[in-house]
1. In the range 72-111, what count of residues is obtained for those that are surrounded by 10 or more Cβ atoms within 10 Å (Cβ to Cβ) and more than 21 Å from the chain's Cα centre (by Cα)?
2. Can you say whether F69 is modelled with pLDDT of 85 or more and either of a type in the set (D, E, K, R) or surrounded by 10 or more Cβ atoms within 10 Å (Cβ to Cβ) (or both), as far as the supplied structure shows?
3. Since I3 meets every condition but one in (1) loosely packed, with under 10 Cβ neighbours inside 10 Å; (2) modelled with pLDDT under 85; (3) assigned to a helix (DSSP H, G or I), which condition does it not meet?
Amino acid sequence: MQIHYSPTVAFRNKLAKLLMRKPRKQTLITLAVVLLVLWGSFLVFIGWAMRQPPEKFGRVMMHVPMPAFFLFPFETMWSQARAGTVQPGDMAPDFLLPAQDHQSQVELSALRGKPVVLVFGSYT
């Protein structure tokens, strides 16, 4: 019986030997550094996305796989990204909203000097 080795089999055998040997300390350190850099880069990217308008943030997040939510501190990052800088007693930033009739718009600065109550939330 004659055995023929193809280059593919030789490559597989060499790869199997490499994977089966005990990794060196330098290899493990390199792997740890690479994983840490990838993790940090992803955190920076998600932090950037959280500070974008909701439409852009939604487009980014629809591509993030569900297991990533368990690997990264999303709730903490979200709280920091959306905390804002307005403190109680500060003047509210100006904004423009559609009126109830949807025919015109209401600008906060146009109501200066009148009592205004801002309620944020969902009432359904």
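1. 14
2. On the way: modelled with pLDDT of 85 or more: no; either of a type in the set (D, E, K, R) or surrounded by 10 or more Cβ atoms within 10 Å (Cβ to Cβ) (or both): yes.
Answer is no for this residue.
3. (3)
The values are calculated or read from the model by the stated rules, or taken from the named source; none is laboratory data. Because the structure is predicted, anything quoted here is derived from the model rather than measured. Every residue, glycine among them, receives a Cβ derived from its backbone with ideal geometry; neighbour counts consider all protein chains shown.
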